[in-house]
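Undergrad: The structure is given below, and queries will be raised subsequently.
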Amino acid sequence: MAKVLCVLYDDPTGGYPTTYARDDLPRIDHYPGGQTTPTPEAVDFTPGHLLGSVSGELGLRSFLEKAGHTLVVTSDKDGDGSTFDRELRDADIVISQPFWPAYLTAERIAAAKNLKLAVTAGIGSDHVDLDAAIAHGVTVAEVTYCNSISVAEHVVMMTLSLVRNYLPSHQVVLDGGWNIADCVARSYDLEGMHVGTVAAGRIGLAVLRRLAPFDVKLHYTDRHRLPESVEEELGLTWHESAVEMAPHCDVVTINAPLHPETEGLFGDDLLGKMKRGAYLINTARALIVDPDAVDRALRSGQLAGYAGDVWYPQPAPADHPWRTMPHHGMTPHISGSSLSAQARYAAGTREILESWFTGRPIRDEYLIVDGGALAGTGAHSYSVNT
Ligand code: NDP
């Protein structure tokens with residue numbers, strides 16, 4: 001029987017919800033491109049309820065306990081002596097969400113003698129040291145596509161928010177003011193701007209598709225080029241690299257995984273090559289940019305705005321410079337954890353566990369590391385140092 005250690009974010013400050021803003025979720029069976037949404041044999045939760053916080057337990061408790069497994073759920077994940085560290089020693093399976101990542105460092109993996117499976121309830125397994133997972137034979141899986149559209153919607157929202165100066169204008173209303181000039185002195189139309197994505201995978205391509213009707217000029221860079229038909233349909237300009245693309249763009253959105261190739265990509269150098277007054281949207285991973293260089297670029301006016309929902313570390317400390325830098329539209333890491341997304345990644349986590357316990361192969365598209373090597377989606381989209 002397995003011990004499953006699940007690290008989730010805290011419940012709402014006012015307590016676990018008893019009612020919700022809406023009664024149901026739209027039914028979605030397939031993602032763009034045809035991949036099916038998760039297909040567990042059953043779920044023990046109500047889609048649309050809060051599943052990603054400690055009391056939501058990803059809806060896993062009765063499924064696991066009925067099968068004789070042990071489930072430990074905690075939000076206490078950082079610092080010496082955390083519940084996560086304590087419980088990890090004899091855990092067989094760790095589940096964690098990128099929004100509240102349980103950092104599975106090489107040291108932790110080495111100390112977790114029973115660990116065989118690390119599941120990311122979401123997308124982005126960079127909180128797991130993949131080299132160490134490979135070395136210790138730990139399988140890593142994530143729920144590919146579960147929240148890609150959720151994030152793409154967030155990117156579109158943030159792009160418009162920055163370009164049109166929405167957040168400061170809303171603040172004027174909250175403050176009881178009406179100075180139109182205060183609002184519009186930094187407000188532009190997106191129409192006609194050059195918008196580029198670093199990576200055109202599931203999220204990047206969904207962003208391109210959603211922005212196309214705004215009559216913008218679309219650019220992208222990716223390790224693999226999109227089919228010619230898609231480039232033509234969306235009027236895309238492809239660039240060899242982010243360094244080559246960024247200077248052409250008014251808005252750049254980052255949609256690549258964090259791995260050795262992308263870490264620190266947007267530092268002083270690349271930010272300095274962008275058009276003065278460009279906007280940068282990063283919902284991918286914080287360490288793809290240099291946090292201090294972003295702060296400097298906003299203060300100097302090199303960037304007109306920065307938005308995203310990914311920080312390092314998470315949770316971000318109260319004195320993180322991104323909380324107070326000018327012209328930002330940051331949120332906590334929420335874009336991929338809407339109630340709609342939670343229903344999908346909770347079901348996907350259940351599907352992965354059902355496969356694991358019954359010895360069925362985990363869907364190839366969910367695999368990042370397996371059998372001591374990058375596998376499935378991991379082999380396509382990630383890189384490691386070894
Ligand atoms: P995909 O795997 O579908 O797409 C990632 C794309 O990045 C692939 O097309 C890949 O290229 C490309 N890529 C990898 N390395 C590079 C590089 N060095 N330069 C250019 N392109 C590169 O993933 P998703 O679109 O679903 O997600 C992307 C990332 O977004 C995740 O890894 C995660 O970090 C983040 N994310 C954030 C969320 C949030 O809540 N904020 C939620 C979900 C994801 P190719 O495959 O062609 O080699």
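The values are calculated or read from the model by the stated rules, or taken from the named source; none is laboratory data. Not measured: the values here are computed from a predicted model. With ideal geometry, Cβ positions are generated from the backbone for all residues, glycine too; neighbour counts draw on all protein chains shown. With ligands, DNA and RNA removed, areas are computed over all heavy atoms of the protein, side chains included. Shrake-Rupley method; radii C 1.70, N 1.55, O 1.52, S 1.80 Å.
Undergrad: May I ask you to verify whether residue 44 is among the charged types (D, E, K, R) and either in contact with a Gly (Cβ under 9 Å, 6 or more places away or on another chain) or crowded, with 21+ Cβ neighbours inside 10 Å (or both)?
TA: yes
Undergrad: Here is a further query. Does residue 15 satisfy being open to solvent by less than 40 Å² (accessible area, probe 1.4 Å) and more than 20 Å from residue 351 (Cβ to Cβ)?
TA: Considered against the rule, which asks whether it is open to solvent by less than 40 Å² (accessible area, probe 1.4 Å) and more than 20 Å from residue 351 (Cβ to Cβ), residue 15 comes out as yes.
Undergrad: Suppose the filter is β-branched (Val, Ile, Thr), surrounded by 20 or more Cβ atoms within 10 Å (Cβ to Cβ) and either at pLDDT 95 or above or not in a helix (DSSP H, G or I) (or both); does residue 237 pass it?
TA: Taking the combined requirement at face value, the residue does not satisfy it.
Undergrad: All but one of (1) more than 27 Å from residue 106 (Cβ to Cβ); (2) not in a loop (DSSP other than H, G, I, E, B) hold for residue 369; state the number of the condition that does not hold.
TA: (1)
Undergrad: Within region 312-335, identify whether any single residue is over 30 Å from residue 2 (Cα atoms) and acidic (Asp, Glu), and answer yes or no.
TA: yes
Undergrad: Right, something else. Looking for something in contact with a Ser or Thr (Cβ under 9 Å, 6 or more places away or on another chain) and away from the ligand (no atom under 12 Å from the Cβ) - is there at least one such residue anywhere in region 336-343?
TA: yes
Undergrad: Residue 190 is checked against (1) assigned to a helix (DSSP H, G or I); (2) open to solvent by less than 10 Å² (accessible area, probe 1.4 Å); (3) more than 16 Å from the ligand (Cβ to nearest atom) and fails just one. What number does that condition carry?
TA: The one condition residue 190 does not meet is (1).
Undergrad: Sticking with this one: Any residue that is free of Cβ contacts under 8 Å to residues at least 24 places away in the same chain, within 16 Å of the ligand (Cβ to nearest atom) and in a helix (DSSP H, G or I) - is there at least one of those in region 164-178?
TA: No - not one qualifying residue is present in region 164-178.
Undergrad: So is residue 319 open to solvent by 10 Å² or more (accessible area, probe 1.4 Å) and at pLDDT 95 or above or not?
TA: It is true that residue 319 is open to solvent by 10 Å² or more (accessible area, probe 1.4 Å) and at pLDDT 95 or above.
Undergrad: Within the set of pairs 6+ apart or on separate chains, which have a first residue in region 92-109 that is closer than 12 Å to residue 77 by Cβ and assigned to a strand (DSSP E or B), a second that is modelled with pLDDT of 95 or more and open to solvent by 40 Å² or more (accessible area, probe 1.4 Å), and C-beta atoms under 6 Å apart?
TA: If the second residue must be modelled with pLDDT of 95 or more and open to solvent by 40 Å² or more (accessible area, probe 1.4 Å), the pairs left are 100/9.
Undergrad: For a quick check of your reading of the model, give me the residue pairs whose first member lies in region 354-366 and is of a type in the set (A, V, I, L, M), whose second is at pLDDT 95 or above, with beta-carbon atoms closer than 6 Å and at least 6 apart or on different chains.
TA: Between residues of region 354-366 that are of a type in the set (A, V, I, L, M) and residues that are at pLDDT 95 or above, the close pairs are 362/141; 362/352; 362/355.
Undergrad: Being in contact with a Leu (Cβ under 8 Å, 6 or more places away or on another chain) and in a helix (DSSP H, G or I) is the filter here; which residues of region 314-344 pass it?
TA: 339, 340, 342, 343
Undergrad: If we keep just the residues of region 157-184 that are of a type in the set (A, V, I, L, M, F, W, C) and buried (at least 19 other Cβ atoms within 10 Å of the Cβ), which is farthest from the chain's Cα centre (by Cα)?
TA: Out of the qualifying residues, it is 183.
Undergrad: What about residue 137, is it open to solvent by less than 10 Å² (accessible area, probe 1.4 Å) and at positive phi?
TA: No; evaluated as a whole, the condition is false for this residue.
Undergrad: While we're on this one: With the requirement that a residue be closer than 22 Å to residue 163 by Cα and within 15 Å of the ligand (Cβ to nearest atom), what does region 238-255 give you?
TA: 242, 245, 246, 249, 252, 253, 254, 255
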